[in-house]
Amino acid sequence: MGQLIPKLMSISGNQEHKVIIVGLDNEGKTTILYGFLSDEVVHTCPIIGSNMEEIILLKTHFLMWDIVRQEALSFIWNTYYFNTEFIILVIDSMDRDWLLTAREELYKMLAHEALRDSSVVIFANKQDVKDSMRMVEISHFLTLSTIKDHSWHIGCCALTKEGLPAGLGWMESQAAANW
Ligand code: G3D
């Protein structure tokens, strides 16, 4: 699959920005991916089954890969890192058990050579569920304020998609600043 990206990039006339969406199964990655598809998105088409989506805003072209993390297959994440500009880490705000692992995985990704120049968006999902962790609590636990060598943004979202436009807007401005 990795070889396909440069191929797609050469086919396309405009600059593409590769995004990987990572998290455990059932955390809401697919919901977020499709939640991005609002009125501002002028074009989208599913490519290669269901885990890759092309999202083109007026000026910015994102190629989004939805990657499931499974314990036995976590090494597979690495194969998606090549050329990645944005990591979207989805946190299920109800899943306190996974938060420690999520923190480890986040810092592992940030330390990875292939992701050295990437920016990170963390979505605290399922904020609508009673007793879910608040975004500030998650931000604190992930010690986001200590991240100095990557740009990052945290937003909350739920089925209402409330934090998605801000997250996408942030990515758009980062993408513009990078090129
Ligand atoms: P995944 O792609 O990470 O596997 P999905 O996860 O996007 O398929 O979502 C898994 C389930 O969580 C779905 O429920 C979805 O509707 C639900 N979900 C996603 N985001 C939220 C949210 O913010 N709040 C709530 N309450 N539920 C959410 P089903 O029942 O379809 O399996």
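The values are calculated or read from the model by the stated rules, or taken from the named source; none is laboratory data. Remember, predicted model here, so these are calculated numbers, not experimental data. Cβ placement follows ideal geometry from the backbone for every residue including glycine, while neighbour counts extend to all protein chains displayed. The accessibility values were calculated without ligands, DNA or RNA, using every heavy atom of the protein model including side chains. Shrake-Rupley method; radii C 1.70, N 1.55, O 1.52, S 1.80 Å.
Can you give me the number of residues within the range 145-159 that are in contact with a strand residue (DSSP E or B) (Cβ under 6 Å, 6 or more places away or on another chain) and either open to solvent by 10 Å² or more (accessible area, probe 1.4 Å) or part of a helix (DSSP H, G or I) (or both)? Qualifying residue count, the range 145-159: 6.
Which is open to solvent by less than 10 Å² (accessible area, probe 1.4 Å), in a strand (DSSP E or B) and aliphatic (A, V, I, L, M), of Ile138, Ile88? Before the answer, list the steps.
Working: Ile138 fails: in a strand (DSSP E or B).
Matching residue, one of Ile138, Ile88: Ile88.
Scanning the range 123-149 for residues that are touching a residue at least 24 places away in the same chain (Cβ under 8 Å) and closer than 18 Å to Glu105 by Cβ yields Phe123, Ala124, Asn125, Met133, Ile138, Phe141, Leu142, Thr143, Ile147, Asp149. Flag: Ser38 does not match the condition of being more than 11 Å from the ligand (Cβ to nearest atom), at pLDDT below 80 and closer than 18 Å to Leu110 by Cβ. In the range 91-103, the residue that is farthest from the chain's Cα centre (by Cα) out of those that are among the aliphatic types (A, V, I, L, M) and not in a helix (DSSP H, G or I) is Met94.
The sole residue among Ala166, Ala175 that is in contact with an Asp or Glu (Cβ under 8 Å, 6 or more places away or on another chain), in a helix (DSSP H, G or I) and farther than 23 Å from Trp98 by Cα is Ala175.
A search for C-beta distances below 8 Å between a residue of the range 95-118 that is under 17 Å from Ile147 (Cβ atoms) and any residue that is open to solvent by less than 80 Å² (accessible area, probe 1.4 Å) and of a type in the set (Asp, Glu), counting only pairs 6+ apart in sequence or on different chains, returns Asp117/Glu85; Ser118/Glu85. Of all residue pairs spaced 6 or more apart or on separate chains, those with beta-carbon atoms under 7 Å, a first member in the range 21-32 that is more than 6 Å from the ligand (Cβ to nearest atom) and a second member that is part of a loop (DSSP other than H, G, I, E, B) are Ile32/Cys157. For Val129, the test of being within 15 Å of the ligand (Cβ to nearest atom) and either touching a Phe, Trp or Tyr at 6+ places or on another chain (Cβ under 9 Å) or open to solvent by 50 Å² or more (accessible area, probe 1.4 Å) (or both) is passed. The listed residues are Leu115, Leu164, Leu159, Leu106, and the only one of them that is within 16 Å of the ligand (Cβ to nearest atom) and under 15 Å from the mean Cα position of the chain (by Cα) turns out to be Leu164. Checked against the criterion of being more than 13 Å from the ligand (Cβ to nearest atom), modelled with pLDDT under 85 and under 29 Å from Glu137 (Cα atoms), the range 51-71 has at least one qualifying residue.
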